[in-house]
Amino acid sequence: MIVFLHGGGVSGWMWNKQIPFFEDDYCLVPDLPGHGRSPGQPPFSIGRTAEHINEIISATADGREIVVLGFSLGAQILVEMMSQRPQLIDYAIVNSALLRPMPAALKLIEPSVRISYPLTRYRWFSKWQASTLYVNREDFEQYYSESLDMNREMLVSVLKENMSYSISQSIKDSSTKLLVTVGEKERGIVKKSAQDLVKLCDRGHGIMFPGVGHGIPLADPARFNRVVDNWLSTGAIPEDARPLSY
(Lines give C-alpha, C1' and ligand atoms only; values in the text may rest on other atoms or scores of the structure.)
Protein backbone atom coordinates (compact mmCIF):
# COMPACT_ATOMS: atom_id res chain seq x y z
CA MET A 1 0.00 0.00 0.00
CA ILE A 2 1.44 3.36 -1.06
CA VAL A 3 0.06 6.67 0.18
CA PHE A 4 0.94 9.88 -1.68
CA LEU A 5 0.70 13.22 0.17
CA HIS A 6 0.89 16.30 -2.04
CA GLY A 7 2.30 19.74 -1.30
CA GLY A 8 0.51 22.99 -0.52
CA GLY A 9 -1.21 24.80 -3.39
CA VAL A 10 -1.56 21.65 -5.50
CA SER A 11 -3.50 18.41 -4.94
CA GLY A 12 -3.35 14.70 -5.67
CA TRP A 13 -2.82 15.28 -9.39
CA MET A 14 0.83 16.17 -8.68
CA TRP A 15 1.44 12.41 -8.43
CA ASN A 16 0.05 11.64 -11.92
CA LYS A 17 3.49 10.46 -13.09
CA GLN A 18 3.98 8.25 -10.03
CA ILE A 19 0.64 6.39 -9.91
CA PRO A 20 1.09 4.52 -13.25
CA PHE A 21 4.66 3.62 -12.29
CA PHE A 22 3.50 2.03 -9.02
CA GLU A 23 0.25 0.65 -10.45
CA ASP A 24 0.92 -2.86 -9.14
CA ASP A 25 0.53 -1.52 -5.61
CA TYR A 26 -2.62 -0.36 -3.85
CA CYS A 27 -2.32 3.45 -4.10
CA LEU A 28 -4.10 5.98 -1.90
CA VAL A 29 -3.96 9.62 -3.06
CA PRO A 30 -5.90 11.95 -0.74
CA ASP A 31 -6.43 15.66 -1.29
CA LEU A 32 -5.42 17.50 1.86
CA PRO A 33 -8.03 19.72 3.59
CA GLY A 34 -8.78 22.86 1.59
CA HIS A 35 -7.08 21.49 -1.54
CA GLY A 36 -8.51 19.99 -4.72
CA ARG A 37 -11.66 17.97 -4.06
CA SER A 38 -11.26 18.05 -0.29
CA PRO A 39 -13.43 20.62 1.49
CA GLY A 40 -11.95 22.27 4.52
CA GLN A 41 -12.33 25.33 6.66
CA PRO A 42 -9.47 27.15 8.37
CA PRO A 43 -7.58 26.77 10.54
CA PHE A 44 -5.52 24.11 8.78
CA SER A 45 -3.73 21.76 11.16
CA ILE A 46 -0.77 19.51 10.35
CA GLY A 47 -1.39 17.59 13.57
CA ARG A 48 -5.08 16.91 12.93
CA THR A 49 -4.47 16.03 9.28
CA ALA A 50 -1.72 13.58 10.27
CA GLU A 51 -4.00 11.96 12.84
CA HIS A 52 -6.81 11.60 10.30
CA ILE A 53 -4.59 10.04 7.61
CA ASN A 54 -3.11 7.63 10.16
CA GLU A 55 -6.65 6.53 10.98
CA ILE A 56 -7.46 6.00 7.28
CA ILE A 57 -4.28 3.99 6.78
CA SER A 58 -4.98 1.82 9.82
CA ALA A 59 -8.48 1.09 8.54
CA THR A 60 -7.47 0.26 4.94
CA ALA A 61 -4.02 -1.36 5.13
CA ASP A 62 -5.49 -4.85 5.63
CA GLY A 63 -2.11 -6.40 6.44
CA ARG A 64 -0.23 -4.72 3.57
CA GLU A 65 3.15 -3.05 4.07
CA ILE A 66 2.59 0.70 4.39
CA VAL A 67 4.67 3.09 2.28
CA VAL A 68 4.05 6.84 2.46
CA LEU A 69 5.52 9.51 0.17
CA GLY A 70 5.17 13.17 1.10
CA PHE A 71 6.22 16.34 -0.69
CA SER A 72 6.68 19.72 1.04
CA LEU A 73 3.50 20.25 3.14
CA GLY A 74 2.70 16.57 2.64
CA ALA A 75 6.20 15.72 3.86
CA GLN A 76 5.63 17.74 7.04
CA ILE A 77 2.40 15.81 7.59
CA LEU A 78 4.26 12.54 7.01
CA VAL A 79 6.87 13.45 9.65
CA GLU A 80 4.04 14.23 12.05
CA MET A 81 2.35 10.90 11.22
CA MET A 82 5.57 9.08 12.12
CA SER A 83 5.79 11.03 15.38
CA GLN A 84 2.20 10.26 16.36
CA ARG A 85 2.28 6.56 15.39
CA PRO A 86 5.95 5.47 15.48
CA GLN A 87 5.22 1.84 14.58
CA LEU A 88 2.54 2.28 11.90
CA ILE A 89 4.44 3.10 8.70
CA ASP A 90 6.96 0.65 7.23
CA TYR A 91 8.64 2.96 4.70
CA ALA A 92 8.58 6.76 4.38
CA ILE A 93 9.95 9.02 1.66
CA VAL A 94 10.13 12.60 2.97
CA ASN A 95 10.77 15.04 0.12
CA SER A 96 11.58 18.73 0.62
CA ALA A 97 10.17 19.16 4.13
CA LEU A 98 10.63 22.41 6.06
CA LEU A 99 11.20 21.24 9.65
CA ARG A 100 12.67 24.38 11.22
CA PRO A 101 10.27 27.20 12.20
CA MET A 102 10.64 30.57 10.46
CA PRO A 103 9.33 33.12 13.01
CA ALA A 104 10.42 36.16 11.00
CA ALA A 105 8.61 34.92 7.89
CA LEU A 106 5.47 34.18 9.92
CA LYS A 107 4.98 37.91 10.52
CA LEU A 108 5.01 38.56 6.78
CA ILE A 109 2.45 35.95 5.74
CA GLU A 110 -0.74 37.98 6.09
CA PRO A 111 0.55 41.19 4.45
CA SER A 112 2.21 39.25 1.61
CA VAL A 113 -0.94 37.19 0.94
CA ARG A 114 -2.99 40.39 1.00
CA ILE A 115 -0.87 41.60 -1.92
CA SER A 116 -0.36 38.34 -3.83
CA TYR A 117 -3.78 36.69 -3.44
CA PRO A 118 -5.59 38.96 -5.95
CA LEU A 119 -2.79 38.28 -8.46
CA THR A 120 -3.56 34.53 -8.46
CA ARG A 121 -6.64 35.40 -10.58
CA TYR A 122 -4.29 36.32 -13.42
CA ARG A 123 -3.02 33.49 -15.61
CA TRP A 124 0.40 35.09 -16.07
CA PHE A 125 0.96 35.16 -12.31
CA SER A 126 -0.23 31.59 -11.87
CA LYS A 127 2.07 30.49 -14.70
CA TRP A 128 4.99 32.07 -12.90
CA GLN A 129 4.02 30.35 -9.63
CA ALA A 130 3.55 27.04 -11.44
CA SER A 131 7.00 27.29 -12.99
CA THR A 132 8.61 27.49 -9.53
CA LEU A 133 6.98 24.13 -8.72
CA TYR A 134 7.82 22.54 -12.08
CA VAL A 135 4.12 22.22 -12.97
CA ASN A 136 4.02 21.23 -16.65
CA ARG A 137 1.68 22.47 -19.38
CA GLU A 138 -0.68 19.51 -19.22
CA ASP A 139 -1.30 20.08 -15.49
CA PHE A 140 -1.42 23.88 -15.56
CA GLU A 141 -5.16 24.23 -16.16
CA GLN A 142 -5.92 22.11 -13.11
CA TYR A 143 -3.36 24.04 -11.07
CA TYR A 144 -4.88 27.36 -12.18
CA SER A 145 -8.44 26.21 -11.53
CA GLU A 146 -7.57 25.06 -8.02
CA SER A 147 -5.67 28.28 -7.27
CA LEU A 148 -8.88 30.17 -8.12
CA ASP A 149 -10.79 27.99 -5.66
CA MET A 150 -8.31 28.36 -2.80
CA ASN A 151 -9.84 30.26 0.11
CA ARG A 152 -7.65 33.19 1.23
CA GLU A 153 -8.05 32.40 4.92
CA MET A 154 -7.16 28.76 4.26
CA LEU A 155 -4.07 29.83 2.32
CA VAL A 156 -2.91 31.97 5.22
CA SER A 157 -3.58 29.15 7.65
CA VAL A 158 -1.65 26.60 5.55
CA LEU A 159 1.33 28.94 5.24
CA LYS A 160 1.37 29.62 8.98
CA GLU A 161 1.38 25.89 9.75
CA ASN A 162 4.06 25.31 7.14
CA MET A 163 6.39 27.94 8.55
CA SER A 164 5.88 27.12 12.23
CA TYR A 165 6.21 23.32 12.14
CA SER A 166 9.10 21.60 13.92
CA ILE A 167 10.05 17.96 14.46
CA SER A 168 8.79 16.23 17.59
CA GLN A 169 11.47 14.37 19.52
CA SER A 170 9.09 11.39 19.67
CA ILE A 171 10.12 10.59 16.09
CA LYS A 172 13.22 9.00 17.62
CA ASP A 173 10.95 6.09 18.60
CA SER A 174 9.88 5.45 15.02
CA SER A 175 10.64 2.06 13.49
CA THR A 176 9.99 3.39 9.97
CA LYS A 177 12.65 2.94 7.30
CA LEU A 178 13.18 6.48 6.10
CA LEU A 179 14.49 8.12 2.92
CA VAL A 180 14.86 11.89 3.14
CA THR A 181 15.34 13.73 -0.16
CA VAL A 182 16.07 17.34 -1.04
CA GLY A 183 16.96 19.25 -4.21
CA GLU A 184 20.41 20.77 -4.64
CA LYS A 185 18.86 24.18 -5.41
CA GLU A 186 16.49 24.22 -2.41
CA ARG A 187 16.72 26.87 0.30
CA GLY A 188 19.38 26.24 2.91
CA ILE A 189 16.82 25.83 5.70
CA VAL A 190 15.17 22.95 3.81
CA LYS A 191 18.54 21.22 3.39
CA LYS A 192 19.26 21.69 7.11
CA SER A 193 15.81 20.31 7.90
CA ALA A 194 16.67 17.16 5.94
CA GLN A 195 19.89 16.79 7.90
CA ASP A 196 18.03 17.28 11.20
CA LEU A 197 15.56 14.53 10.36
CA VAL A 198 18.18 11.98 9.32
CA LYS A 199 20.15 12.63 12.53
CA LEU A 200 17.07 11.95 14.65
CA CYS A 201 16.11 8.69 12.92
CA ASP A 202 18.33 5.62 13.33
CA ARG A 203 16.85 4.07 10.18
CA GLY A 204 17.07 7.23 8.09
CA HIS A 205 19.10 7.95 4.98
CA GLY A 206 19.37 11.30 3.21
CA ILE A 207 20.07 12.11 -0.44
CA MET A 208 20.29 15.23 -2.60
CA PHE A 209 19.09 15.42 -6.20
CA PRO A 210 21.64 17.43 -8.23
CA GLY A 211 20.45 20.38 -10.31
CA VAL A 212 16.89 20.45 -8.94
CA GLY A 213 15.02 22.87 -6.71
CA HIS A 214 11.74 22.40 -4.84
CA GLY A 215 9.74 19.74 -6.68
CA ILE A 216 11.68 16.68 -7.86
CA PRO A 217 8.53 14.50 -8.29
CA LEU A 218 7.28 17.01 -10.90
CA ALA A 219 10.64 18.20 -12.25
CA ASP A 220 12.03 14.76 -13.07
CA PRO A 221 9.43 12.08 -12.30
CA ALA A 222 11.33 9.30 -14.07
CA ARG A 223 14.42 9.83 -11.91
CA PHE A 224 12.36 10.24 -8.75
CA ASN A 225 10.38 7.06 -9.46
CA ARG A 226 13.54 5.09 -10.18
CA VAL A 227 15.25 6.22 -6.98
CA VAL A 228 12.20 5.48 -4.81
CA ASP A 229 11.57 2.09 -6.43
CA ASN A 230 15.21 1.07 -6.13
CA TRP A 231 15.36 2.12 -2.47
CA LEU A 232 12.13 0.29 -1.62
CA SER A 233 13.33 -2.85 -3.41
CA THR A 234 16.98 -2.98 -2.34
CA GLY A 235 17.67 -0.21 0.16
CA ALA A 236 20.34 1.14 -2.21
CA ILE A 237 20.77 4.68 -3.53
CA PRO A 238 21.55 5.12 -7.27
CA GLU A 239 24.72 6.93 -8.30
CA ASP A 240 22.82 9.94 -9.72
CA ALA A 241 21.57 10.90 -6.23
CA ARG A 242 24.22 12.17 -3.81
CA PRO A 243 24.24 11.32 -0.09
CA LEU A 244 23.49 14.29 2.14
CA SER A 245 26.54 15.89 3.69
CA TYR A 246 26.55 16.81 7.40
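Here are the numbers for the structure shown:
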quantity: Members of region 14-48 that are over 13 Å from the mean Cα position of the chain (by Cα) and either buried (at least 18 other Cβ atoms within 10 Å of the Cβ) or not in a loop (DSSP other than H, G, I, E, B) (or both); calculated: Q18, F22, C27, L28, P33, G34, H35, G36, F44, G47, R48
quantity: Single residue of S233, S193, S170 found to be open to solvent by 50 Å² or more (accessible area, probe 1.4 Å) and either in contact (Cβ under 8 Å) with a residue 24 or more places away in the chain or of a type in the set (G, A, S) (or both); calculated: S233
quantity: Identity of the residue in region 188-236, part of a loop (DSSP other than H, G, I, E, B) and in contact with a Leu (Cβ under 8 Å, 6 or more places away or on another chain), that ends up nearest to N136 (Cα to Cα); calculated: G215
quantity: Subset of region 84-111 [assigned to a loop (DSSP other than H, G, I, E, B) and open to solvent by less than 70 Å² (accessible area, probe 1.4 Å)]; calculated: P86, L88, I89, D90, S96, A97, L98, L99, P101, M102
quantity: Any hit, region 149-167, residues being in a helix (DSSP H, G or I), more than 25 Å from R114 (Cβ to Cβ) and at pLDDT below 95; calculated: no
quantity: G8 vs. criteria touching a His at 6+ places or on another chain (Cβ under 8 Å), open to solvent by 30 Å² or more (accessible area, probe 1.4 Å) and within 27 Å of Y134 (Cβ to Cβ); calculated: yes
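The values are calculated or read from the model by the stated rules, or taken from the named source; none is laboratory data. If you're wondering where the values come from, they're calculated on a predicted model, not measured in any experiment. All Cβ positions, glycine included, derive from the backbone under ideal geometry; neighbour counts span all protein chains shown. Accessible surface is based on the protein model in full, side chains and every heavy atom, while ligands, DNA and RNA are left aside. Shrake-Rupley method; radii C 1.70, N 1.55, O 1.52, S 1.80 Å.
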